[in-house]
Amino acid sequence: MINITSFNQKGTYKQPNIFGYYGDFGGAYIPEMLHRNVEELKSRYLEIMYEPGFQQEFQALLKDYVGRPTPLFLAERLSKKYNTTIYLKREDLNHTGAHKINNAIGQVLLAQRLGKKRIIAETGAGQHGVATATVCALKGIECVVYMGEVDIERQAPNVARMKMLGAKVVPATSGSKTLKDATNEAIRAWINDPLETHYVIGSVVGPHPYPDMVARFQSVISEEVRWQLKEKTGSELPTHVIACVGGGSNAAGAFYHFLDDDNVQIIAVEAAGHGINSGMSAATTQLGKPGVLHGSKSLVMQTADGQVVEPHSISAGLDYPGIGPMHAHLYATGRGKFLSATDNESLAAAFQLTRLEGIIPALESAHALCALDQLKLSPRDVIVVCLSGRGDKDLSTYMKAMENVASQS
Amino acid sequence: MSLIKNLFQHKQHNILNVYCTAGYPHLNSTLEVMRALQNNGADIIELGMPYSDPLADGPTIQASNSVALHNGMTIEKMFEQLQDFRNTPAEQDAIRIPVLLMGYMNPILQYGFEKFCRQAAELPVDGLILPDLPEYEFETIYGDIIKRYGLDFVFLVTPETSEERVRKLDALSTGFLYAVSSSSITGSDKDFSAVESYLQRLQNMQLTNPILVGFGIKDKQTFQSACKYANGAIIGTAYIKALEDAEDVNIATKKFLGSILQ
Ligand SMILES: Cc1ncc(COP(=O)(O)O)c(C=O)c1O
C-alpha cells in the first residue's frame, strides 16, 4: 500500500522527504539527548507500521474497539440551510469521542514493538490524553499525561476520565499553562527517560518522523471517506474537505487521500479566538512566521524577538501557537485554503449543528463548521466536514454560553 | 587563534565554565555577573539568551529565562550590553575570558541567523552552543555561516550517543565538546557515579577537542569527579540558584565559586 521509496527531494503535499521536510517546513530540531530515540523511530516506523502483524492488530482494534469505519452522514437540514450537500465524517462516534484514538492506538502498538515500557503524552482538550490513557489501559502499560494547568480546569471531565483509566496527569505550570507548555513538559520528560519511554505526540507536530507518522495513522479518515462517498454519490471525490486545525491531525487525516486530487478544495479552519487582530487568537497561518517550535520548522506565532506568544482559543484543542509542517506547506503553496473562526462564531455553529442535526460537536469541530458561512457554496457542491469530536467535554462552556444568551434576552 | 583554543593550550585541567542568563537577575546585571565570574575563577562564560520555550532546560534555568524576558531582555539588547565588553574604559572591567552564547534556534532565526553571527563575531564573542540545531542542519546550512564569521561551535554528546556519532560531532565541533553527563534536562539530580564509565569511554576515544562535562555539576565533589575524566566542567543550574535570592551578585558569585574551587 505504501511505497517507502516514494520520498522525493522536496517532499510532497502528503509525505516529507527523508529529512522530514514538506517543502521548507519540517525537519528534526532536537537536542542531542533525543537523537537516539528520534533516530530509532525514524529508522523503524515505516517498517513496523506496514508489517502484516501490526496492520492486522491495528485494523482489528480500529474496527472492534474504536468502532470504525465511522459513518459518513448526510446532514440534510444543514445542507438545506446552506443550499448544498454536506456530509459529516463522524469521528465523534469513535470510542473516546474523537479522532485522537486512531493515532493513539497506532503509536502505542508501535511503542510496544520498540520495546518501550512506558507511555507519555501531552494533551490540550484532554481528548488525546484520554485516548492515550485508554489504549494504555487496554494494553496494561504505564501512562503519564502532561496537561496545562489552565486546561486541567476547563476540561475537568477529561481529567477525571484519564485518572479513572489509571493515567497519571501532571500539570504543566510554565508559560501559558496550556498545550504548548504541556508539550514542552512532555518533551523534557522524554529527555529524562529516553530508553524506556515512548512519547505519543497527539498531533502532526514535533520532530520528524512524528508529523508523517501521525498523518499516516489518521489517514484512515480520508481513506474511508473516499469509498463511503463513492457508495453514496457514485464519485469518490467531494468538491471540498473541511477540517479544523490545532496542530492539524484530524485535518491531515481528512485531507490525506485527497491532496493529490487537484479538484478537491482543501479547507483548514483555525481558531481566531476573540478575532485575528485582538491579541487573543490562535490563527497560526494568519499571525505566525517561520520558526522552530517543538522540534520542527513551521509557522509559529511569535514576537518580533522570536519569543513564542501565548495563543488564545475558547477551544483547548486549538489553543496552540504552531501548526504541523504539512499544513504550513499546504498554506505556503496555496494547496490548502486557510480560514479562521472566532470563539463566538464557533459557539453559534455548535448550537446550530445541535439544533439542526441533533449532534453536539466538540468546540474544535465547531470551528470547521464555520467554514460553511465563509465559503461561496453552490448547490452542486459535495462537501465533507470532518466532525473531529463530540461535545461532551465542552458542556460547561456551552452551558455558560446558554446562560449568557438567556441573561441578555 | 580563538580565545577558547588559546585557553586550552595553557590549561588542560579543571576548566570551569559557568552558565548565566543574559538579563538575569536584572536587565542590566549581565555584565556585572560576567565580571564577577571572571574575577572569581571562571575560565569560560556560557551566556544564555533567554527563550520562552527552553526545551532542554529544567525549572531553575526556565525560571531565569522567564525573569530575563520579563525584564525586557532581547538579543538586540544583549548585543548592546556587550558592546565594548572586551574594551571597557576601566581596564579591570573588561572581560578577557572566552564567552560562548547559548540559546535556541527560534529567536536567532527571527533575528536573522547571519546577522546574529556577524554581530556576535564583531563583539567579539567566541562561539555558540545551540542545542536544538541538529547536525544535519549544521552541515547543510548553518555551519558555513558560523565558520564564515570565525565562531566556534560546540556540539553536545550524551551517554546514549554512539561512538561513531561522537566522532562525527567531535569532528564538526571546534573549541570543545560538551559531554552531557546523563540523559536529562538541566538541573536534574541523577546519580553521578554512573557517569564515570561514560567519561572514561570518551577519554579513551582520543578525540580532537577537549571535553567539558555539563548537567548535574553542582558542587565541589561533582566538579572534581568530572574533572578526573575530562578537561573540566560546566555549571549552570547551581549557579542560577545561587543568584536567585542574591542581594549582591558579586558576593553571591564569590561565595559560590569559592565553594567549588577552594
Ligand atoms: C475533537 C478535537 N478536534 C480537533 C483537535 C485539534 O487537534 P488536531 O488539529 O491535531 O486535529 C482536538 C485536540 O484536542 C480535538 O479534541
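The values are calculated or read from the model by the stated rules, or taken from the named source; none is laboratory data. Only a predicted model underlies this, so the values are computations on that prediction, with no experimental measurement involved. Note that each Cβ is placed from the backbone with ideal geometry, even for glycine, and that neighbours are counted across all protein chains shown. Ligands, DNA and RNA are stripped out before the accessible areas are found, and what is left, the full protein with its side chains, is counted by its heavy atoms. Shrake-Rupley method; radii C 1.70, N 1.55, O 1.52, S 1.80 Å.
Could you list all residues from the range A:157-171 that are open to solvent by 50 Å² or more (accessible area, probe 1.4 Å), under 21 Å from A:G389 (Cα atoms) and touching a helix residue (DSSP H, G or I) at 6+ places or on another chain (Cβ under 8 Å)? Selection gives A:P157, A:R161, A:L165. Taking each residue of the range A:214-228 that is over 13 Å from A:G248 (Cα atoms) and of a type in the set (D, E) and looking for partners that are open to solvent by 10 Å² or more (accessible area, probe 1.4 Å) and more than 15 Å from the ligand (Cβ to nearest atom) with beta-carbon atoms closer than 7 Å, six or more apart or interchain, yields A:E223/A:H257; A:E224/A:P69. Evaluating A:W190 against the criteria (1) part of a loop (DSSP other than H, G, I, E, B); (2) more than 24 Å from A:C244 (Cβ to Cβ); (3) within 13 Å of chain B (Cβ to nearest Cβ) leaves one unmet condition, (1). Regarding the range A:276-298, can at least one residue be identified that is at the interface with chain B (Cβ under 8 Å from one of its Cβ atoms), among the hydrophobic types (A, V, I, L, M, F, W, C) and surrounded by fewer than 24 Cβ atoms within 10 Å (Cβ to Cβ)? No, because not a single residue in the range A:276-298 is at the interface with chain B (Cβ under 8 Å from one of its Cβ atoms), among the hydrophobic types (A, V, I, L, M, F, W, C) and surrounded by fewer than 24 Cβ atoms within 10 Å (Cβ to Cβ). Scanning the range A:344-364 for residues that are touching a helix residue (DSSP H, G or I) at 6+ places or on another chain (Cβ under 7 Å) and not charged (D, E, K, R) turns up A:S346, A:L347, A:A349, A:A350, A:L353, A:L356, A:I359, A:I360, A:P361, A:A362, A:L363. A:T303 meets each of the listed conditions (1) touching a Gly at 6+ places or on another chain (Cβ under 7 Å); (2) within 9 Å of another protein chain (Cβ to nearest Cβ) apart from (1). Considering (1) open to solvent by 10 Å² or more (accessible area, probe 1.4 Å); (2) at pLDDT below 95; (3) not polar (S, T, N, Q), say which one B:D248 fails and leave the rest. Checking B:D248 against (1) open to solvent by 10 Å² or more (accessible area, probe 1.4 Å); (2) at pLDDT below 95; (3) not polar (S, T, N, Q), the one that fails is (2).
Taken over the range A:155-184, the criterion of being at the interface with another protein chain (Cβ under 10 Å from one of its Cβ atoms) and outside any loop (DSSP other than H, G, I, E, B) is satisfied by A:K180, A:D181, A:T183, A:N184. On the basis of being of a type in the set (F, W, Y), closer than 26 Å to A:G20 by Cα and out of contact with any Gly (no Cβ under 6 Å at 6 or more places or on another chain), does A:F73 make the cut? For A:F73, the condition - of a type in the set (F, W, Y), closer than 26 Å to A:G20 by Cα and out of contact with any Gly (no Cβ under 6 Å at 6 or more places or on another chain) - is not met.
Yes/no per residue for (1) within 12 Å of the ligand (Cβ to nearest atom); (2) under 22 Å from A:Y13 (Cα atoms); (3) in contact with a Leu (Cβ under 8 Å, 6 or more places away or on another chain):
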| site | (1), (2), (3) |
| --- | --- |
| A:A304 | no, no, no |
| A:H312 | no, no, no |
| A:G334 | no, yes, no |
| A:K337 | no, yes, no |
| A:R355 | no, no, no |
| A:L372 | no, no, yes |
| A:R390 | yes, no, yes |
| A:Q408 | no, no, no |
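Of everything in the range A:86-111 that is part of a helix (DSSP H, G or I) and open to solvent by 10 Å² or more (accessible area, probe 1.4 Å), the residue that is nearest to the ligand (Cβ to nearest atom) is A:K100.
If I filter the range A:243-250 for residues that are assigned to a helix (DSSP H, G or I), modelled with pLDDT of 95 or more and β-branched (V, I, T), do I get at least one hit? Can you show your working first?
Of all residues in the range A:243-250, those assigned to a helix (DSSP H, G or I) come to A:249-250.
Now narrow it down to the ones that are modelled with pLDDT of 95 or more: A:249-250.
In the following step, the residues that additionally are β-branched (V, I, T) were identified as none.
Looking through the range A:243-250, none of the residues is assigned to a helix (DSSP H, G or I), modelled with pLDDT of 95 or more and β-branched (V, I, T).
Would you mind stating whether B:L151 is facing chain A (nearest Cβ under 9 Å) and either crowded, with 18+ Cβ neighbours inside 10 Å or not hydrophobic (A, V, I, L, M, F, W, C) (or both)?
Considered against the rule, which asks whether it is facing chain A (nearest Cβ under 9 Å) and either crowded, with 18+ Cβ neighbours inside 10 Å or not hydrophobic (A, V, I, L, M, F, W, C) (or both), B:L151 comes out as no.
Scan the range A:105-145 residue by residue and report those that are among the hydroxyl-bearing types (S, T, Y) and free of Cβ contacts under 8 Å to residues at least 40 places away in the same chain. Before the answer, list the steps.
Pass one, the range A:105-145, residues among the hydroxyl-bearing types (S, T, Y): A:123, A:132, A:134.
Residue satisfying the conditions is A:T134 alone.
Among residues of the range A:24-33 being at pLDDT 95 or above and open to solvent by less than 10 Å² (accessible area, probe 1.4 Å), the one that is farthest from B:G214 (Cα to Cα) is A:G26.
Just checking, which of A:V204, A:V220, A:V245, A:V214 is within 15 Å of the ligand (Cβ to nearest atom), touching a strand residue (DSSP E or B) at 6+ places or on another chain (Cβ under 6 Å) and hydrophobic (A, V, I, L, M, F, W, C)? Write out each step before concluding.
Details: A:V204 fails: touching a strand residue (DSSP E or B) at 6+ places or on another chain (Cβ under 6 Å); A:V220 fails: touching a strand residue (DSSP E or B) at 6+ places or on another chain (Cβ under 6 Å); A:V214 fails: touching a strand residue (DSSP E or B) at 6+ places or on another chain (Cβ under 6 Å).
A:V245 is the lone residue from the list that is within 15 Å of the ligand (Cβ to nearest atom), touching a strand residue (DSSP E or B) at 6+ places or on another chain (Cβ under 6 Å) and hydrophobic (A, V, I, L, M, F, W, C).
Identify all residues within the range A:117-133 that are within 9 Å of the ligand (Cβ to nearest atom) and either part of a loop (DSSP other than H, G, I, E, B) or surrounded by fewer than 24 Cβ atoms within 10 Å (Cβ to Cβ) (or both); write none if there are none. If the condition is that a residue be within 9 Å of the ligand (Cβ to nearest atom) and either part of a loop (DSSP other than H, G, I, E, B) or surrounded by fewer than 24 Cβ atoms within 10 Å (Cβ to Cβ) (or both), then A:G124, A:A125, A:G126 are the ones that fit.
May I ask you to list the residues in the range A:46-62 that are part of a helix (DSSP H, G or I) and over 18 Å from A:K139 (Cβ atoms)? Outline the logic, then answer.
Our first condition is that a residue be part of a helix (DSSP H, G or I); within the range A:46-62, this holds for A:46-49, A:52-62.
Those that are part of a helix (DSSP H, G or I) and over 18 Å from A:K139 (Cβ atoms): A:L46, A:E47, A:P52.
Residue count for the range B:102-148, restricted to those that are within 14 Å of another protein chain (Cβ to nearest Cβ) and over 16 Å from A:L293 (Cα atoms): 13. In the range A:337-368, what residues are crowded, with 24+ Cβ neighbours inside 10 Å and either free of Cβ contacts under 8 Å to residues at least 24 places away in the same chain or part of a strand (DSSP E or B) (or both)? Result: A:S340, A:A341, A:P361. The residues listed here are B:D84, B:D53; of these, the one that is over 21 Å from B:F153 (Cβ atoms) and more than 13 Å from chain A (Cβ to nearest Cβ) is B:D84.
With respect to the conditions (1) outside the structural domain of A:S388 (by TED's automatic domain parsing); (2) open to solvent by 20 Å² or more (accessible area, probe 1.4 Å), A:G202 falls short on a single one, namely (2).
Among the residues in the range A:134-144, are any more than 17 Å from the chain's Cα centre (by Cα), more than 14 Å from chain B (Cβ to nearest Cβ) and within 16 Å of the ligand (Cβ to nearest atom)? Yes, the range A:134-144 contains a residue that is more than 17 Å from the chain's Cα centre (by Cα), more than 14 Å from chain B (Cβ to nearest Cβ) and within 16 Å of the ligand (Cβ to nearest atom).
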